[in-house]
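*Asks:* Provided herewith is a single structure, encoded as structure tokens, for subsequent inquiry.
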Amino acid sequence: MKRRKFLQLGGAALLGGASGARAFAQSQAPMSMQSPSQNPSASKPEDTTPADFTLRIAPIALEVAPSRFISTIGYNGTSPGPVLRLRENRPVTVDVINETDTAELVHWHGLFVPSEVDGAEEEGTPMVPPGGRHRYQFTPKPAGTRWYHSHAMAGADLHRGTYTGQYGFLMIESGNDPGKYDQELFLALRDWEPFFTDQMENEAAEGGGMGPQPERPATLDTRPNGLEVTSQLFSINEKALGAGEPIRVRIGQRVLVHILNASAIENRTIALSGHQFRVIAMDGNTVPSPQSVNVLMLGPGERIDAYIEMNQPGVWILGSTDDSTRNAGLGVIVEYENQHREPQWVPPSKPVWDYTIFGTTRQPVRPAPANTIDMVFEKIPSGAGQFNLWHVNGKPYPHDQEFVLREGERYRLVFRNRTDDAHPVHLHRHLFELVDVNGKPTSGLMKDTVIVPFYGRVTADLTADRPGLSLFHCHIQQHMDYGFKALFRYA
Ligand SMILES: [Cu+2]
């Protein structure tokens, strides 16, 4: 077993990758589905060829605020993990070493990769056993801001899956980035030390309120609510508001921010006092109509790329628009050069989020798809001390043979949210085009995750061009684990 040598090579590759200066290896070794730790005598070339990147899954301690340590699990000793910069269409190998005592796997969120490397057990991706390792090999596409994270089930264990620090940005570069910015920042929104509660979240603050409620049932389910997951400690990247270094800027700079909601539990709305965000991409995909807005809302799993023009000298807070969430850590200080006053928070004047303004409203050139797939989301309140259950079309996962696509055809997906929660739903291995949000039309906006407002409806068109199993689920870990998922398959 050449574990020590392997680790050294992996570390070197990682360092090079993180600096962006590395020339990617062109090795075309076939993907190894074997775990060398289970087969120490393996001597095939792919076992000794260093991977382009190595991710080591292991326990870490994060000091999110002075003397406030979080015990969690991270990648390569940190959380977020390293920013992985990959070149579009250039094959890459990533060795994942699991140094924890439970099976893990890494999902490449937003990528067009085969089911067996996508990182979802439901699609047939092999788990990385405790103490084992696995080499993922794939061709990264499409270009844009993607991310990688654990896709393990957590259930009642709030120290597994996306509750942990196992996530990082994954940038797929086309080589055509015009680079019209002075700084590039990666900001991941996080919560820590999750716990169970039977109190409902503040929906107004966390993005449920997007206008009409076309899916509100005539009679509401009044059974007593069960347990939900919440948190009272937050950070952007690894530091709570005020605990880390400020973002240092100069007047006249244009800053490109890549924002990711890496939370397992809640949608977030953020603002930067005194400034606007010029949104240029969502979920890594260029938007047809870039717009300047005062707030950004992101459900778990969503990404936004935006420019910020630094034209308001001062010391400001970028953070959650919800006071209690921001004061409990969800923020970061933005400090202009030679400014030394107390950080200012000014509530945004128009805290409204509307996906549709970033699309186009011209009549779509293409006709509506001939096929419609209705997906009705419901919550089954379970009462005190129990976990609520989540249904898609009347039942929890699995849905055998219900969502079957024919390759080459187009489908209109209608997400009908008959619950009092806003759900960020994600479809693996595909992009969909938003068509309608609560009756407001749009087009040209390509996404892999979308928040369906509570009692709301979102319509999206899908082209079935990626054969294989594809998982659909709510990106709130507890909802997924308790039924809110479905497998799409091809005929
Ligand atoms: Cu959900």
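The values are calculated or read from the model by the stated rules, or taken from the named source; none is laboratory data. Because the structure is a prediction, the values reported are computed rather than measured. Reconstructed Cβ throughout: ideal geometry from the backbone, glycine too, with neighbour counts over all protein chains shown. Surface areas here come from the heavy atoms of the whole protein model, side chains and all, with no ligands, DNA or RNA. Shrake-Rupley method; radii C 1.70, N 1.55, O 1.52, S 1.80 Å.
*Asks:* Normalising by the residue count of the stretch 178-295, find the relative contact order in percent from Cα pairs under 8 Å and 6+ residues apart.
*Replies:* Numbers: 138 pairs, mean separation 43.5, N = 118.
Contact order relative to length: 37 percent.
*Asks:* Could I ask something else about it? Residues of the stretch 339-491: accessible area per residue at 1.4 Å, in Å²?
*Replies:* Numbers: 6110 Å² over 153 residues.
That works out to 40 Å² per residue.
*Asks:* Let me ask something else. Give the shape of the stretch 348-475 as rounded, prolate or oblate, defined through the alpha-carbon gyration tensor: a ≥ b ≥ c are the square roots of its eigenvalues, a/c under 1.5 means rounded, and otherwise the shape is prolate if a/b is larger than b/c and oblate if not. Don't jump to the answer; show the numbers that get you there.
*Replies:* Numbers: a/c = 2.17, a/b = 1.16, b/c = 1.87.
Oblate, because a/c is 1.5 or more while a/b does not exceed b/c.
*Asks:* Of THR286, HIS340, GLY81, whose Cα points farthest to the positive end of the dipole of the chain (charges on the beta-carbon: +1 Lys, Arg; -1 Asp, Glu; origin at the Cα centre)?
*Replies:* THR286
*Asks:* How much solvent-accessible surface does THR372 expose, in Å² to the nearest 10, with a 1.4 Å probe and all protein chains in place?
*Replies:* Accessible area of THR372: about 80 Å².
*Asks:* Here's something else I'd like to know. Give me the net charge for the shell around ARG410: Cβ to Cβ below 12 angstrom, other residues only, Lys and Arg +1, Asp and Glu -1.
*Replies:* Values: positive: ARG366, ARG406, ARG412; negative: GLU407, GLU409, GLU433, ASP461, ASP465.
Value of the local net charge: -2.
*Asks:* Taking the Cα centre of the stretch 406-491 as the origin, how large is its charge dipole in debye, to the nearest 20, when only Lys and Arg (+1) and Asp and Glu (-1) carry charge on their Cβ atoms?
*Replies:* On the way: 12 positive and 10 negative charges, 33 e Å.
The calculation lands at about 160 debye.
*Asks:* Now a separate question. So how do 376-388, 283-295 stack up, highest first, on mean other-Cβ count within 10 Å?
*Replies:* Values: 376-388: 16.3, 283-295: 18.2.
Put in order of decreasing packing, that is 283-295, 376-388.
*Asks:* How high is the relative contact order of the chain? Use alpha-carbon pairs under 8 Å, at least six apart in sequence, and give a whole percent.
*Replies:* Numbers: 1312 pairs, mean separation 68.8, N = 491.
After rounding, I find 14 percent.
*Asks:* Counting only protein heavy atoms and using a 1.4 Å probe, what share of the accessible area of the stretch 348-475 belongs to carbon plus sulfur, as a whole percent? Walk me through the intermediate numbers first.
*Replies:* Details: 2610 of 4980 Å².
On the stretch 348-475, the fraction of accessible area on carbon and sulfur atoms equals 52 percent.
*Asks:* Roughly how big is the chain's charge dipole about its Cα centre, with Cβ charges of +1 (Lys, Arg) and -1 (Asp, Glu), in debye to the nearest 20? The partial results should precede the final answer.
*Replies:* On the way: 46 positive and 55 negative charges, 223 e Å.
The dipole magnitude comes to about 1080 debye.
*Asks:* Now for a separate question. Among 338-346, 179-187, what's the highest-first ranking by average C-beta atoms within 10 angstrom per residue? Numbers along the way, then the final one.
*Replies:* Working: 338-346: 12.3, 179-187: 14.2.
For the peptides 338-346, 179-187, the packing ranking is 179-187, 338-346.
*Asks:* In a shell of Cβ-Cβ distance under 13 Å around MET375, excluding MET375 itself, what net charge do Lys and Arg (+1) and Asp and Glu (-1) give?
*Replies:* On the way: positive: LYS395, ARG412, ARG416, ARG418, ARG457, LYS485; negative: GLU215, ASP374, GLU378, GLU402.
That works out to +2.
*Asks:* Now a separate question. Which whole-Hz ³J(HN,Hα) couplings does the stretch 74-83 yield from phi under the Karplus relation 6.51 cos²θ - 1.76 cosθ + 1.60, θ = phi - 60°, glycine and proline marked x?
*Replies:* Result, rounded to whole Hz: x, 10, 6, x, 9, 8, x, x, x, 6.
*Asks:* Also: Given the chain, what percent of its DSSP beta bridges are antiparallel, to the nearest 5?
*Replies:* On the way: 95 of 125 bridges.
That works out to approximately 75 percent antiparallel.
*Asks:* Before I look further, what does the stretch 112-239 give for accessible area per residue, probe 1.4 Å, in whole square angstrom?
*Replies:* Details: 5030 Å² over 128 residues.
Computed with neighbouring chains in place, this is 39 Å² per residue.
*Asks:* Quick one: with all protein chains in place, what share of the accessible area of the stretch 228-292 is carbon or sulfur, to the nearest percent (1.4 Å probe)? Provide the component values of the computation, followed by the final result.
*Replies:* Details: 840 of 2090 Å².
Reported share for carbon and sulfur atoms: 40 percent.
*Asks:* How would ARG87, ARG268, ARG410 rank on accessible area, largest to smallest, probe 1.4 Å? Don't skip to the answer; put the middle values down first.
*Replies:* Numbers: ARG87 90, ARG268 10, ARG410 50 Å².
If we order ARG87, ARG268, ARG410 from most to least accessible, we get ARG87, ARG410, ARG268.
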